[in-house]
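Peer 1: Before I ask anything, here is the structure I am working with.
The values are calculated or read from the model by the stated rules, or taken from the named source; none is laboratory data. Source: prediction; values computed, not measured. Here the Cβ positions follow ideal geometry from the backbone for every residue, glycine too, while neighbour counts run over all protein chains shown. For the accessible areas, the whole protein counts, side chains as well, though only heavy atoms, and no ligand, DNA or RNA atoms are used. Shrake-Rupley method; radii C 1.70, N 1.55, O 1.52, S 1.80 Å.
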Amino acid sequence: MQYFTKYTRQTVGLLLAFLPLSPWAAGVESSDGSHQVCRMVRLDVEQLPSLNIPRAGHQVFYVNGEPTVAGGHTDGFVPTPTAEYYKDGEWHVMQMTYTHDFGLSVVLKSGKVLLAGGCEQPIGIGQTYTAEMYDPQTHGFRGFGNMCQKRVYGSALELDSGQVVITGNWYHDDGIELFKEGLSHNGDFNGKQSFIYIKGVEAQRSNPYIFRIAKDDALILGSLSTRGDTIMTSFADRLKGDTVHIPLFETWHPLLSTHHHGESSLIGHEGNEEFTYLLPVQDDTGRVAIARVCGTDISLLKTVSPIPMTGIDEQIEYGTSIIADRQAGRAYLLGISSTFHVDHDNMRFYVLCLDYAQASEAGTPLTLYYTDPMDIVPDYSPVLTPEGNLLIAGGLREGSNYTPSASAFLLRLDQAPKAAAGGFSIWAWGLLTLVAIAIVWLMYWWLRRANDKSEGHVFDSGKDRNQTTSLPDSAADSALMERLTELMENERPYLKPDLKLSDLAVMLGTNSRYISDSIKNGRGCSFSQFINQYRVEHAKTLLRENPDIKLSTVCTESGFSGESSFFRSFKAMTGTTPKEWILQKDC
């Protein structure tokens, strides 16, 4: 049959419920056409006590054996000069010197934490120079000076010398500067700190990646400009020396994400000067891969299967840097349901695990972990705990900076099944998959016969889809798709940034599942992609009719919840950024 009926879907649901650790394929075919799979495993989530203050745009780090959050903004998009550390089962509030909303932080070898920059005013306006030091031993903050440039969305990395490389900015000039804490004659810190401007950069970036390539040198790269546009450059900046050409960046570019701690991605041994990192990259089609960074040599990492782009009946949107657990020989890339822009109540976390210590000639084994649906969107990368779990504290409710979350939880990777050395046999997974399919169809056949007897051999009547006559699934999908298209064109509900699948279901007098199925069968895309197609077309109309309109206004009036979503969707559907599209139209 061309479509599964509701009975088949119920059967699949039962089978998945009884086999939560089964090796379901998350994705697909390798580049040579052979069938490879990435095992999917459900991941447990441990809820921690909530933060005292809801926050987003903050910094998260693990120091002195304590998870700590610092700065950011709270309800109403108002910066908060507070921090919290977790101890004895509760969060303890501390007073900071400054706010550092969308600022930067780096845990120093001394055990202290440098925090700097951030938005000057509420709702993400302006930049600041301010810097302070956090001492986890005393739980005290001390403001001490200013950076050379005021910054938002900057990144920092400490070198072996104790100097800290700082670069990156948002709606302000970028450049590279160094921070150094002074030493007395006997080698103790004398309390004097200074920032020194080093040089400008070839490409001005926001949230850049910084990787050490030697004890006293660093590579700076990234794909997001200081104005939110995607940078398509094959060159990376370098602390010492000229820019470096990266051939891989001719076809792949670093994944756009919100925050980076370069040392978190290290898989080499820094004591032996093995400065090797993992970097998520993306091509123009949106496909994600993993690159291996070793000095200035950056190449794709071979994996046993392609990086899965689909999860539980939905697309995955990856959005963090790699977080390496060097003790376990594993590395993680966090993703969420791509529908989070419009369906905040039904969002899953996905954790792609790369068992790089188990790599073989076949490649690095992959496992895709997923959670049950949650109602929080992380706005920064999680932090790795000593036990090997990922901690997420704070974030966004309803995908809005005006409604931060106080939630805190652990993704329990320490309890998750580990991949076998060398990867599990593809033939074994294939056999198990065939058995599962056979069970599904046997149960479907039995349920179908029982249904035929009780309803006189009438298929799904379609009444739940607001139809008045008996229709097969394909006809019901077509009829519902026609009504949905009419609704979108006449009432334009896609202009609401918080539009949910359930909202359309209410408008059409049906349920969310039928709408989702109709979109998938009729348009071959997800609900989020379907909605964003209308939003992008509306944005193009605004740009065409109002040449001087601000892109931030276009983003808001087109129904996008944020500029990153707007730029990403526009690029995916037109092949150009909004600015590039405008220039093409002017030619």
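Peer 1: When you go through (1) part of a strand (DSSP E or B); (2) under 18 Å from Ser405 (Cβ atoms); (3) open to solvent by 10 Å² or more (accessible area, probe 1.4 Å) one by one for Tyr62, which number turns out not to apply?
Peer 2: For Tyr62, the exception is condition (2).
Peer 1: While we're on this one: Give the number of residues within the stretch 92-114 that are closer than 20 Å to Phe179 by Cα and either assigned to a strand (DSSP E or B) or open to solvent by 40 Å² or more (accessible area, probe 1.4 Å) (or both).
Peer 2: The qualifying residues number 11.
Peer 1: Right, another one. Looking at (1) touching a His at 6+ places or on another chain (Cβ under 7 Å); (2) closer than 19 Å to Pro208 by Cβ, which is the only condition Leu104 fails?
Peer 2: (1)
Peer 1: Now for a separate question. Might you let me know whether the stretch 101-110 holds any residue that is within 17 Å of Ser405 (Cβ to Cβ), acidic (Asp, Glu) and without any contact (Cβ under 8 Å) to a residue 60 or more places away in the chain?
Peer 2: The answer is yes, given that some residue of the stretch 101-110 is within 17 Å of Ser405 (Cβ to Cβ), acidic (Asp, Glu) and without any contact (Cβ under 8 Å) to a residue 60 or more places away in the chain.
Peer 1: Let me ask something else about it. From the list Ser561, Ser526, pick out the single residue that is touching a Pro at 6+ places or on another chain (Cβ under 7 Å) and hydroxyl-bearing (Ser, Thr, Tyr).
Peer 2: Just one listed residue meets the conditions, Ser561.
Peer 1: Another one. Counting just the residues of the stretch 454-484 that are closer than 19 Å to Arg523 by Cβ and open to solvent by less than 30 Å² (accessible area, probe 1.4 Å), which one comes out modelled with the lowest pLDDT?
Peer 2: Looking at residues that are closer than 19 Å to Arg523 by Cβ and open to solvent by less than 30 Å² (accessible area, probe 1.4 Å), I get Arg465.
Peer 1: Out of Ser194, Ser184, report the one residue that is closer than 30 Å to Val244 by Cβ, at pLDDT below 95 and open to solvent by 10 Å² or more (accessible area, probe 1.4 Å).
Peer 2: Only one candidate passes the filter, namely Ser194.
Peer 1: What's the total number of residues in the stretch 530-572 that are closer than 22 Å to Glu317 by Cα, assigned to a loop (DSSP other than H, G, I, E, B) and open to solvent by 30 Å² or more (accessible area, probe 1.4 Å)?
Peer 2: Qualifying residue count for the region: 1.
Peer 1: Considering only the stretch 573-587, state which residues are buried (at least 16 other Cβ atoms within 10 Å of the Cβ) and of a type in the set (A, V, I, L, M).
Peer 2: Met573, Ile582
Peer 1: Are any residues in the stretch 237-247 surrounded by fewer than 22 Cβ atoms within 10 Å (Cβ to Cβ) and in a loop (DSSP other than H, G, I, E, B), and if so, which ones?
Peer 2: Hits for the stretch 237-247 are Lys240, Gly241, Asp242, Thr243.
Peer 1: Within the stretch 151-160, count every residue that is over 14 Å from Leu108 (Cβ atoms) and in a strand (DSSP E or B).
Peer 2: 2
A quick yes/no check of all residues on (1) surrounded by 19 or more Cβ atoms within 10 Å (Cβ to Cβ); (2) of a type outside the set (Asp, Glu); (3) in a strand (DSSP E or B):
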| site | (1), (2), (3) |
| --- | --- |
| Phe249 | yes, yes, no |
| Leu256 | yes, yes, no |
| Thr285 | no, yes, no |
| Ser299 | no, yes, yes |
| Ala324 | yes, yes, yes |
| Ala328 | no, yes, no |
| Leu333 | yes, yes, yes |
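Peer 1: Follow-up. Look at Gln137 and say whether it is farther than 19 Å from Leu239 by Cβ and within 28 Å of the chain's Cα centre (by Cα).
Peer 2: No.
Peer 1: Mind checking which residues of the stretch 496-520 are open to solvent by less than 50 Å² (accessible area, probe 1.4 Å), within 24 Å of Ser400 (Cβ to Cβ) and in a helix (DSSP H, G or I)?
Peer 2: Leu501, Asp503, Leu504, Ala505, Ser512, Ile515, Ser516
Peer 1: Which ones in the stretch 125-150 are within 18 Å of Val165 (Cα to Cα) and outside any strand (DSSP E or B)?
Peer 2: If the condition is that a residue be within 18 Å of Val165 (Cα to Cα) and outside any strand (DSSP E or B), then no residue fits.
Peer 1: Could you check the stretch 75-91 and list, in sequence order, the residues that are surrounded by fewer than 22 Cβ atoms within 10 Å (Cβ to Cβ), within 24 Å of the chain's Cα centre (by Cα) and assigned to a strand (DSSP E or B)?
Peer 2: Selection gives Val78 alone.
Peer 1: Next question. I need a count of the residues in the stretch 206-234 that are touching a His at 6+ places or on another chain (Cβ under 7 Å) and over 16 Å from Thr167 (Cα atoms).
Peer 2: 2
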